[in-house]
Every structure is written in structure tokens, then in C-alpha cells.
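Visitor: Please see the structure below; I have some questions.
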């Protein structure tokens, strides 16, 4: 059986869309009934919104305003710079914060990483702050909407807003890219400590991997949703892509984990010639430095174009080592030939490997029965990655799951351009 998310598909909305405003007004209206609140307004101008949401009025600002008075609340589809409390923020940055589900938890790490990857954070609120009762209502609204708010489906717009245009070009032309400074030293420390706890608790015969990470805690949930990685993965794999596998590798002295070359299509037995579109892709997090002595990944430039598995006996001759500092992420097309150098340095090198695949593929790790409490503390993007949006494996006595089939069509799953 699979988990049915508490938030249904038809409840999902984009930040500041008409549907988002309507649900915000409904939610707040239900909680203010019978109250006597002072008149107060909160407004946010969201710059650089995706074109499909932007107002049709030329140069008109985009955003929203919430107005409280007595037991009434209205949500208006425009910003008001004269509001009691007002902020100007970038739309894409605001989405990252708007999809953090706090649920009574400060989630300091998630907020820290959102600020790091946006390179800007959010602007400060101007004016006067709301009274406690209105502030508490806004906190409840945040979590309610965070559990319903989806990413901007315009992948190109999102990539450009996040500064990833060069990385898109790298993936298209070379089949791989490196994201320096993708996560903080603090997050690297947290991931390393948790990875070593997992490995230390494993039986001796398990080897150098710890797998099924989405069932092992919030750190791994936050990692799989990394906005740079997810944007690039959707560029390669289309919207609605899935988690294929999530594991950590701890590499000790002398360990030669991948002496030859391979493409990641081998596990799924993809027949040759490979399709001219990407089926699976991998993001490797440098929790420790990927220096030459530490045994970095190596890639064979131009190998994606061969559309075949690396020949038997292929060596590392002619490959390029992916040397990168701690806090970087390397991301590659699943058809790219790659391997790894042996570690010659003392100590251990820790890395996280998150692989993703197209929504019609069968992942190596199964997450469609992931516990409800994990879904509840995350935005809808996690349910999508776990395979809970699509209709595969969900037919019943009455046939296929047409609600999910319709949602996938509406959202343009499998495509990288916006649905018509």
C-alpha cells in the first residue's frame, strides 16, 4: 500500500496565486470568526515573479495584502506599500521560505540553508509589527500554506532567478556541472555527524554505504529538496521526477570504490542506444573535500553523446577528476561515464549521493509508503519525489487513478516547458 498525503492534489497552490489567496482567506476567516481584531494590514511585494503569474498590467507590482478587521480577513492580489507591515522580496527567494513547514520547530537549519542558497535572504519587514494574536494567526497560516505550496513550475525562470543558467548549459553541453558553495559548513558538519552515526550503527558486512536515507531523519529530507539540485534535476528529468536512491559513502584509506568506469543506467538495465533524453541523474555532495588524495569522482567528458554503457575494462585514463571543496555539489547526467580515484590520504571522506529519475521509471529505493509524519513536516515537493503524485501502482477495483493521471497532465509531468 502507499501513503495518501493529508494534503490532496487539488489543494496545492503556487505562492501568491489566486488559489493561494483564496485558501489563505478561507483559512484565516475560519480562525477569526467571533474575534474582535484591530484593523491591521500586512503586505508583500514579490519582485521577478514567473511570467504566468505576473499581472497583465504592464509594470504593475505583484504580491498580496492581508487585511484584518474585527472577525473579517481579506486577501488581496496586489501589494500595498502603505500597509501597516510591508516587505519587498524576490519571488523565488520567498518561495524557499514559504515552503518551510515549522510545525512548532524552529527549523533553524532549513532557514539558514534557504538564506545561503538564495544569496539574498528576504528583506526586513517595514512599519509596525502586528499584535500577538495576529502574529500567531500568521504563523498558523504559514505552516498551513507551506504544506500546500508548490515550486514555480517554470523551470527556466526558476533556474535563472537562482543563478543557475551556466549550470544548465554545462549539463546540456558536458553532461555534468559543479555547484560550489551549495551548502554551509554548519550543514556539512550536521550531515557528516549523522552519516557517521548511521555507518557506525550498521552491521560490519554492510560495506561503505548507508542507504534509504529519507527514512532516517530531517537532515536527509532537507537535502533531497535542495532548490538548486531540484531545479537542475527537473531540467534534466522533467517535472514530477522521483528519488531514485539516497545514500552516503564513507571512504577510508586505500579504498577504491569504483576502479573502472560505468554509467548510472546500468542498475535499471537501460538498453542501448540510450534515449537522447535523460532518464536518471545523480547529485554528489562533498561533505568533505573532494581533493585528489581524498579520492574524488572522475568523469569522461563527451561520453553522454555515445549513448551506451562504458565498455568492459574501461579505465580512468582520459577522465577528469571532479575536484571540489567541502560544501560543493557535483551533478551529472545518468549516461555520463564516471568512476572514482582511490583514496590515498589518511582518515575518511564522507559524501552524500542523491539520485533522481523520471516519473515513469522504477526507483531503486521505495518511498511511496513513507510515514505520514514525514510528509506532514515537508512541502508537497517531497510527496512528489516519493512517487505519491503519479498514478503508477495505484489502480484499484474501479480502474486507474484518474485524479492522479489528470494532475500529472495538468502539471506537465515529464516535461521541462510549461504546459499549454
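Quick note: the coordinates plus some simple rules give every number you see, no bench work behind them. Computed from a predicted structure; not experimentally measured. Glycine gets a Cβ as well: all are built from the backbone with ideal geometry, and neighbour counts include every protein chain shown.
Visitor: Using label points projected 7 Å from each Cα along Cα→Cβ, tell me how many nm separate residue 26 and residue 4, to one decimal.
Guide: 1.8
Visitor: Round to the nearest 10 and give me the degree value, 0 to 90, for the angle of helix 18-32's Cα axis relative to the longest principal axis of the chain.
Guide: Value to nearest ten degrees: 60.
Visitor: Please compute the modelled spin-label separation between residue 317 and residue 18, points set 7 Å along Cα→Cβ, answer in nm with one decimal.
Guide: 6.4
Visitor: Same structure again: Return a whole-number percent for the relative contact order of the chain, with Cα pairs under 8 Å and 6 or more residues apart as the contact set.
Guide: On the way: 818 pairs, mean separation 80.6, N = 420.
Relative contact order comes out at 19 percent.
Visitor: How much length would be gained if the chain were fully extended between residue 48 and residue 76, taking 0.36 nm per residue of separation minus their Cα-Cα distance, in nm to one decimal?
Guide: Details: separation 28, 0.36 × 28 = 10.08 nm, distance 1.87 nm.
Length gained between residue 48 and residue 76: 8.2 nm.
Visitor: Another question, if that's okay. Starting from the Kirkwood Rh over alpha-carbon pairs, what translational D in µm² s⁻¹ does the chain have by Stokes-Einstein at 25 °C and 0.890 mPa s? Working shown, then result.
Guide: On the way: Rh = 22.9 Å.
Diffusion coefficient, whole number: 107 µm²/s.
Visitor: Which value at 222 nm does the chain reach when only helices count, each DSSP H run of 4 or more adding -39,500 (n - 2.57), with the total divided by all residues and rounded to the nearest 500 deg cm²/dmol? If you can, show how the numbers build up before the last one.
Guide: Numbers: 12 runs with 120 residues, N = 420.
Calculated at 222 nm, the ellipticity per residue is -8500 deg cm²/dmol.
Visitor: Mind giving me the FRET efficiency for residue 36 and residue 138? R0 is 22 Å, r the Cβ-Cβ distance, nearest 0.05 is fine. Please list the in-between numbers first.
Guide: Details: r = 18 Å, r/R0 = 0.80.
With R0 = 22 Å, the Cβ-Cβ based efficiency is 0.80.
Visitor: Share of antiparallel DSSP beta bridges in segment 9-150, in percent to the nearest 5? All intermediate terms of the calculation are to be shown ahead of the outcome.
Guide: Values: 14 of 22 bridges.
Rounded to the nearest five, the antiparallel share is 65 percent.
Visitor: What percent antiparallel are the DSSP beta bridges of the chain, to the nearest 5? Before the final figure, lay out the partial values.
Guide: Details: 49 of 57 bridges.
Of all bridge pairs located within the chain, approximately 85 percent are antiparallel.
Visitor: Highest mean first, how do 391-397, 239-245 rank when packing is the count of other Cβ atoms within 10 Å averaged over residues? Kindly include the intermediate steps, with their values, before the conclusion.
Guide: Details: 391-397: 12.3, 239-245: 23.6.
Going by the mean number of other Cβ atoms within 10 Å, highest first, we get 239-245, 391-397.
Visitor: Taking segment 184-305, how much of its Cα-Cα pair set, in percent, is spaced more than 25 angstrom apart? Intermediate results must be reported in sequence, preceding the final value.
Guide: Details: 2389 of 7381 pairs.
Pairs farther apart than 25 Å: 32 percent.
Visitor: Find the percent of Cα-Cα distances in segment 9-150 that exceed 25 Å, and round it to a whole number. Each step should come with its number before you reach the end.
Guide: On the way: 2413 of 10011 pairs.
Result for the distance tail: 24 percent.
Visitor: Taking the simple approach of a point 7 Å from Cα along Cα-to-Cβ for both residue 418 and residue 196, what is their distance in nm?
Guide: About 4.8 nm, to one decimal.
Visitor: What angle, in degrees between 0 and 90 and rounded to the nearest 10, separates the Cα long axis of helix 227-237 from the longest principal axis of the Cα atoms of the chain?
Guide: The two axes meet at around 70 degrees.
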